[in-house]
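Structure in structure tokens, see below.
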Amino acid sequence: MLYPKSGFFDALDSSLRKVILQDLSALREIDVKYEQEAFRLLYYIAKSKPFEANYSRIAKNLGVSKTFAVRLVSDLTSAGLIHRILPCGDVRKEPKLYLTVPLRRFFERKGFDVELGALREEFFVNHLIHIAPLCYLKGEKGQKTPDFKVGDVIIEVGGKGKGKYQRPDYTAVDGVVTGDNRVPLFLFGLVY
């Protein structure tokens, strides 16, 4: 594990509770049920693959209305706990939802394996969301498309063996090998 065992996750848990109970109360009246639903939403996103957590599934999983699910996502986005990435263009699709780093690892302690593809994309999103316009690419059903468009550059995020069949401008990959428009994913953590 990358994080020290003593105290780190306890401090993070305390910070999350403070944000949800105190900071979000500036937006609206917060009660104990709201706090529970906020934690359940964050946990649900943490164990989901990219694009698996949409408003309808969130509402069904939490047992709340879709309107409440949208409001809860919006509130947690305003609090900086979730990043909403909208689709490119005028496509009427729901946003992809990512947690702020290191929340996925925090919730992993609850007993599930983190989906590596989601972790990669989340790392990428967390480091580029404030740098340039960022959106996700969505093709027709069953069509493979690259993951993101950052400004005018199309980027696919994946593991070492990620191929170029989706034809991105660049592929952000694990490891340190470069060339053939492959960029080590960790370098995006240095973007400022």
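Can we say residue 62 is modelled with pLDDT of 85 or more, surrounded by 15 or more Cβ atoms within 10 Å (Cβ to Cβ) and within 16 Å of residue 99 (Cα to Cα)? Reasoning before the result, please.
Numbers: modelled with pLDDT of 85 or more: yes; surrounded by 15 or more Cβ atoms within 10 Å (Cβ to Cβ): yes; within 16 Å of residue 99 (Cα to Cα): no.
No: the conditions fail for residue 62.
So, residue 84, is that one over 30 Å from residue 15 (Cα atoms), in the same structural domain as residue 55 (by TED's automatic domain parsing), of a type outside the set (Phe, Trp, Tyr) and free of Cβ contacts under 8 Å to residues at least 40 places away in the same chain or not? Outline the logic, then answer.
Details: over 30 Å from residue 15 (Cα atoms): no; in the same structural domain as residue 55 (by TED's automatic domain parsing): yes; of a type outside the set (Phe, Trp, Tyr): yes; free of Cβ contacts under 8 Å to residues at least 40 places away in the same chain: yes.
No, not satisfied.
In addition: Hey, can you tell me all the residues within region 100-136 that are more than 24 Å from residue 175 (Cβ to Cβ) and over 11 Å from the mean Cα position of the chain (by Cα)? Spell out how you get there, then give the answer.
Filtering region 100-136 for residues more than 24 Å from residue 175 (Cβ to Cβ) gives 100, 103, 106-107, 109-112, 130, 132-133, 135.
Residues satisfying the conditions are 106, 107, 109, 110, 111, 112, 130, 132, 133, 135.
Inside region 151-165, can you point out the residues that are crowded, with 17+ Cβ neighbours inside 10 Å, at pLDDT 70 or above and either farther than 15 Å from residue 188 by Cβ or not hydrophobic (A, V, I, L, M, F, W, C) (or both)? Working first, answer last.
Kept after step one, since they are crowded, with 17+ Cβ neighbours inside 10 Å, are these residues of region 151-165: 154-158, 162.
In the following step, the residues that additionally are at pLDDT 70 or above were identified as 154-158.
Those that are crowded, with 17+ Cβ neighbours inside 10 Å, at pLDDT 70 or above and either farther than 15 Å from residue 188 by Cβ or not hydrophobic (A, V, I, L, M, F, W, C) (or both): 156, 158.
Here is a further query. Checking the condition buried (at least 19 other Cβ atoms within 10 Å of the Cβ), outside the structural domain of residue 8 (by TED's automatic domain parsing) and closer than 27 Å to residue 10 by Cα, which residue from 124, 186, 148 passes? Let's see the steps before the verdict.
Numbers: 186 fails: buried (at least 19 other Cβ atoms within 10 Å of the Cβ); 148 fails: closer than 27 Å to residue 10 by Cα.
Result of the check over 124, 186, 148: 124.
Do you know which residues across region 104-163 are free of Cβ contacts under 8 Å to residues at least 12 places away in the same chain and of a type in the set (Gly, Ala, Ser)?
111, 139, 142, 161, 163
Does residue 129 count as β-branched (Val, Ile, Thr) and outside the structural domain of residue 9 (by TED's automatic domain parsing)? Show your work before the answer.
Numbers: β-branched (Val, Ile, Thr): yes; outside the structural domain of residue 9 (by TED's automatic domain parsing): yes.
When the stated conditions are applied, residue 129 passes them.
Sticking with this one: State whether one or more residues within region 87-99 are more than 30 Å from residue 175 (Cβ to Cβ) and surrounded by 14 or more Cβ atoms within 10 Å (Cβ to Cβ). Explain how you work it out, then say what you get.
Here is the first cut: in region 87-99, the ones more than 30 Å from residue 175 (Cβ to Cβ) are 89-94.
With surrounded by 14 or more Cβ atoms within 10 Å (Cβ to Cβ) added as a condition, the list becomes 94.
Looking for residues that are more than 30 Å from residue 175 (Cβ to Cβ) and surrounded by 14 or more Cβ atoms within 10 Å (Cβ to Cβ), one finds at least one in region 87-99, hence yes.
Rundown of residues vs (1) in contact with a Lys or Arg (Cβ under 8 Å, 6 or more places away or on another chain); (2) of a type in the set (A, V, I, L, M, F, W, C); (3) closer than 12 Å to residue 42 by Cβ, yes/no style:
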residue: 66; (1), (2), (3): no, no, no
residue: 71; (1), (2), (3): no, no, no
residue: 75; (1), (2), (3): yes, no, yes
residue: 82; (1), (2), (3): no, yes, yes
residue: 90; (1), (2), (3): no, no, no
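Assess whether residue 13 counts as being part of a helix (DSSP H, G or I), out of contact with any strand residue (DSSP E or B) (no Cβ under 6 Å at 6 or more places or on another chain) and more than 25 Å from residue 136 (Cα to Cα).
On the way: part of a helix (DSSP H, G or I): yes; out of contact with any strand residue (DSSP E or B) (no Cβ under 6 Å at 6 or more places or on another chain): yes; more than 25 Å from residue 136 (Cα to Cα): yes.
When the stated conditions are applied, residue 13 passes them.
If you don't mind, there's one more thing I want to ask. Given the criterion out of contact with any strand residue (DSSP E or B) (no Cβ under 7 Å at 6 or more places or on another chain) and either of a type in the set (S, T, N, Q) or closer than 26 Å to residue 55 by Cβ (or both), identify the matching residue among 103, 137. Break it down into steps so the answer makes sense when it comes.
Values: 137 fails: out of contact with any strand residue (DSSP E or B) (no Cβ under 7 Å at 6 or more places or on another chain).
The unique qualifying residue is 103.
Identify all residues within region 26-59 that are more than 21 Å from residue 117 (Cα to Cα) and loosely packed, with under 12 Cβ neighbours inside 10 Å; write none if there are none. Can you show your working first?
From region 26-59, those more than 21 Å from residue 117 (Cα to Cα) are 26-40, 56, 59; that's our starting set.
26, 28, 29, 31, 32, 33, 56 - these are the residues of region 26-59 that are more than 21 Å from residue 117 (Cα to Cα) and loosely packed, with under 12 Cβ neighbours inside 10 Å.
Still on this model: In this structure, is residue 71 farther than 24 Å from residue 120 by Cα, not assigned by TED's automatic domain parsing to the domain that holds residue 135 and not polar (S, T, N, Q)?
Criteria met by residue 71.
The values are calculated or read from the model by the stated rules, or taken from the named source; none is laboratory data. Here the structure is a predicted model, which means the values were calculated and not measured. A quick note on method: Cβ atoms are made from the backbone with ideal geometry, for glycine too, and the neighbour counts reach across all protein chains shown.
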